[in-house]
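Peer 1: Handing you this structure, nothing more for now.
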Amino acid sequence: MRIVIMGAPGSGKGTQAALIVKELDLDHISTGDLLRAAVAAGTELGKKAKEVMDRGELVSDEIVLGLLEQRLLQENTKNGFILDGYPRNIAQAQALDGLLERIGQPVEEALQIDVDEEQVVTRIAKRAALEGRSDDTEETVRNRLRIYGEQTAPVVDFYAHKGILSRVLGDGSIEDVFQRIRGVLQIHSAS
Ligand code: B4P
């Protein structure tokens, strides 16, 4: 299965993607993780990306598409993949369509996790205390949420028009949300 998972920062998309890949044996491709790896490696690209990420803005489409393309061509699980954090604007959604068409692997399912803004701010504040990610300050989070509303929210309609969108409520525990996703993806629990 080839899935795109979407949601505001802190909606739980990375968290849920990790559970879905385990269950379905998919490849987990997170553009946030790819960017953080480039930052940690101290590459030129990583240095450029860090400044942008610390402001809570989106890294340029060109850089992210380059990283994604490399990753998609590098390794492939037979069972498919889940894309987490990409696409984040309409241009990225169109670029993704083109790329996946070229490799004959179109997106089959787009999953949107809906959570209200105050809950997101609280969750990220908790993560900031635990992990100290430099883009998790309250000011940056508010900026990330604003950019999400302006640029990423329209991507939901892009997939709705294709007829492959499902929406899941992201309130409640991680397990509650995962059960809802299981229902949508019709994954049958082994436990
Ligand atoms: P991401 O890494 O995608 O960061 P994120 O939006 O915060 O989501 P993440 O997946 O990490 O968090 P989650 O909601 O799972 O992006 C970081 C930055 O990279 C962006 O701001 C941008 O600058 C850049 N970037 C990435 N992709 C890009 C692209 N395509 N184009 C341009 N720039 C790009 O979880 C958040 C917290 O909530 C966690 O601590 C988790 O434990 C907790 N949580 C999750 N579910 C919960 C629940 N049900 N209850 C309580 N807590 C929960």
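Peer 1: Any residue at all in the stretch 88-97 that's over 15 Å from residue 3 (Cβ atoms), surrounded by fewer than 16 Cβ atoms within 10 Å (Cβ to Cβ), within 13 Å of the ligand (Cβ to nearest atom) and at pLDDT below 95?
Peer 2: No, there is no match, as no residue in the stretch 88-97 is over 15 Å from residue 3 (Cβ atoms), surrounded by fewer than 16 Cβ atoms within 10 Å (Cβ to Cβ), within 13 Å of the ligand (Cβ to nearest atom) and at pLDDT below 95.
Peer 1: What pairs come up if the first residue lies in the stretch 119-136 and is among the charged types (D, E, K, R), the second is open to solvent by 60 Å² or more (accessible area, probe 1.4 Å) and within 6 Å of the ligand (Cβ to nearest atom), and their beta carbons are under 6 Å apart, counting only those six or more places apart or on different chains?
Peer 2: So the pair list comes out as 136/127.
Peer 1: So for the stretch 122-139 (the condition being under 18 Å from residue 5 (Cα atoms), within 13 Å of the ligand (Cβ to nearest atom) and open to solvent by 40 Å² or more (accessible area, probe 1.4 Å)), does at least one residue qualify?
Peer 2: The answer is no; no qualifying residue exists.
Peer 1: If you scan the stretch 25-57, which residues turn out to be in contact (Cβ under 8 Å) with a residue 40 or more places away in the chain, open to solvent by less than 50 Å² (accessible area, probe 1.4 Å) and under 24 Å from residue 101 (Cα atoms)?
Peer 2: Once the filter is applied, which keeps residues that are in contact (Cβ under 8 Å) with a residue 40 or more places away in the chain, open to solvent by less than 50 Å² (accessible area, probe 1.4 Å) and under 24 Å from residue 101 (Cα atoms), the stretch 25-57 yields 26, 27, 29, 30, 31, 32.
Peer 1: If only one of 103, 113, 82, 174 is in contact with a strand residue (DSSP E or B) (Cβ under 6 Å, 6 or more places away or on another chain), among the aliphatic types (A, V, I, L, M) and over 23 Å from residue 49 (Cα atoms), which one is it?
Peer 2: When all the criteria are applied, what remains is 113.
Peer 1: Let me ask something else. Answer yes or no as to whether residue 60 is open to solvent by less than 60 Å² (accessible area, probe 1.4 Å) and closer than 18 Å to residue 136 by Cα.
Peer 2: no
Peer 1: Please go through the stretch 13-24 and pick out each residue that is open to solvent by 20 Å² or more (accessible area, probe 1.4 Å) and in contact (Cβ under 8 Å) with a residue 12 or more places away in the chain.
Peer 2: 13, 14, 15, 19, 21, 23, 24 - these are the residues of the stretch 13-24 that are open to solvent by 20 Å² or more (accessible area, probe 1.4 Å) and in contact (Cβ under 8 Å) with a residue 12 or more places away in the chain.
Peer 1: Looking at residue 148 and the list (1) within 12 Å of the ligand (Cβ to nearest atom); (2) assigned to a strand (DSSP E or B), which single condition is not satisfied?
Peer 2: (2)
Peer 1: Moving on. Restricting attention to the stretch 172-182, and to residues there that are more than 13 Å from residue 23 (Cβ to Cβ) and open to solvent by less than 50 Å² (accessible area, probe 1.4 Å), which single residue is farthest from the chain's Cα centre (by Cα)?
Peer 2: Once the filter is applied, the top-ranked residue is 172.
The values are calculated or read from the model by the stated rules, or taken from the named source; none is laboratory data. What you are looking at is a predicted structure, and each value in this text was computed from that prediction instead of being measured. Note: ideal-geometry Cβ built from the backbone for every residue, glycine included; neighbour counts use all protein chains shown. In case anyone asks, the SASA skips ligands and DNA or RNA and just uses the protein heavy atoms, side chains included. Shrake-Rupley method; radii C 1.70, N 1.55, O 1.52, S 1.80 Å.
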